[in-house]
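The values are calculated or read from the model by the stated rules, or taken from the named source; none is laboratory data. Keep in mind the model is a prediction, meaning the values are calculated, not measured. Cβ coordinates were reconstructed from backbone atoms using ideal geometry, including for glycine residues, and neighbour counts include every protein chain displayed.
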Amino acid sequence: MTALPTVRFRAARCDAERRVQEIGGLETARFFTSSADMAELILQSDFHFREAERRRLLGVDQATADEAFSHGRRYNDLVLEMLSGEVPAAIDQLREHLVGLGNVDAEANLGLMEATVRERLASTDNMTINDARGAEALLMTTLEAARQGPNFLCDHALEKMQQLAELRRGRESHNDPVSAVLGTLCLIAAAALMIICAARGTCGSPLLILIIATLFVFGLLGWMDAVAILSTLPVA
């Protein structure tokens, strides 16, 4: 039973994490890494849960179905553990860091983020018009929170954590999609970076935002779509 993720995606994620730390510091990197770790656990959990669900539905090899269900539950328990401890702590640390920067004019950087994400969404050929409409709403909600200040942005992150925890607590009986939450976490990380690098004057290449925009699409569309998109990114 092979579990995700792939080598290609891990390489892209490692590059993004390195750039997040270089530009946003340890606080932003901790939030980004915690969110990415949790996303991978969710992927692995759902990978096993789906196999168990298929086998039970089709009446094929119930022992393997039970084993897959057990693996799915184990990964999901780790997700819930992160949602009750590590991730909220990372958000609190990020909030403290952002508030400590004082008043920051990040409008130009947030505008760059918006344009980059919009372009990435527009160039994703298997995204329907309804998918694009939903993704745009997530983007604009996150940007609105960021423009209101660090507390609003971090409150937005905590709200998404609470939504995700509720969804994961019911995962064994319902396969509710979590893509919108995962995608939003990538946007929150990107917005935090835009604020921090505006304060420091260290934004540098837009490649970082391109990578995070790709991770956002990954959260919305799924694993194999992200791998295909990541393969088109330029070399840093």
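Considering each of Arg120, Arg147 in turn, give the residue that is of a type outside the set (S, T, N, Q), in contact (Cβ under 8 Å) with a residue 12 or more places away in the chain and surrounded by fewer than 17 Cβ atoms within 10 Å (Cβ to Cβ).
Details: Arg120 fails: surrounded by fewer than 17 Cβ atoms within 10 Å (Cβ to Cβ).
After ruling out the rest, the residue left standing is Arg147.
Of the conditions (1) out of contact with any helix residue (DSSP H, G or I) (no Cβ under 6 Å at 6 or more places or on another chain); (2) free of Cβ contacts under 8 Å to residues at least 12 places away in the same chain; (3) of a type outside the set (A, V, I, L, M, F, W, C); (4) more than 24 Å from Arg169 (Cβ to Cβ), Asp15 clears all except one; give me its number.
For Asp15, the failing item is (2).
Looking at this structure, is Ser35 part of a helix (DSSP H, G or I) and at pLDDT 85 or above?
Details: part of a helix (DSSP H, G or I): yes; at pLDDT 85 or above: no.
Considered against the rule, which asks whether it is part of a helix (DSSP H, G or I) and at pLDDT 85 or above, Ser35 comes out as no.
Just the residues that are within 15 Å of Phe31 (Cα to Cα) and among the charged types (D, E, K, R), please, taken from the stretch 156-202. Write out each step before concluding.
To start, the set of residues in the stretch 156-202 that are within 15 Å of Phe31 (Cα to Cα) comprises 156-161, 181-196.
Glu159, Lys160 - these are the residues of the stretch 156-202 that are within 15 Å of Phe31 (Cα to Cα) and among the charged types (D, E, K, R).
Give me the residue from the stretch 16-28 that is farther than 14 Å from Cys186 by Cβ and either touching a strand residue (DSSP E or B) at 6+ places or on another chain (Cβ under 6 Å) or not basic (Lys, Arg) (or both) and, out of that set, surrounded by the most Cβ atoms within 10 Å (Cβ to Cβ).
At the first step, the residues of the stretch 16-28 found to be farther than 14 Å from Cys186 by Cβ are 18, 21-23, 25-27.
Then keep just the ones that are either touching a strand residue (DSSP E or B) at 6+ places or on another chain (Cβ under 6 Å) or not basic (Lys, Arg) (or both); that gives 21-23, 25-27.
Working: Gln21: 16, Glu22: 13, Ile23: 19, Gly25: 16, Leu26: 12, Glu27: 21.
This residue is Glu27.
Restricting to the stretch 108-131, what's the tally of residues that are hydrophobic (A, V, I, L, M, F, W, C) and part of a loop (DSSP other than H, G, I, E, B)?
1
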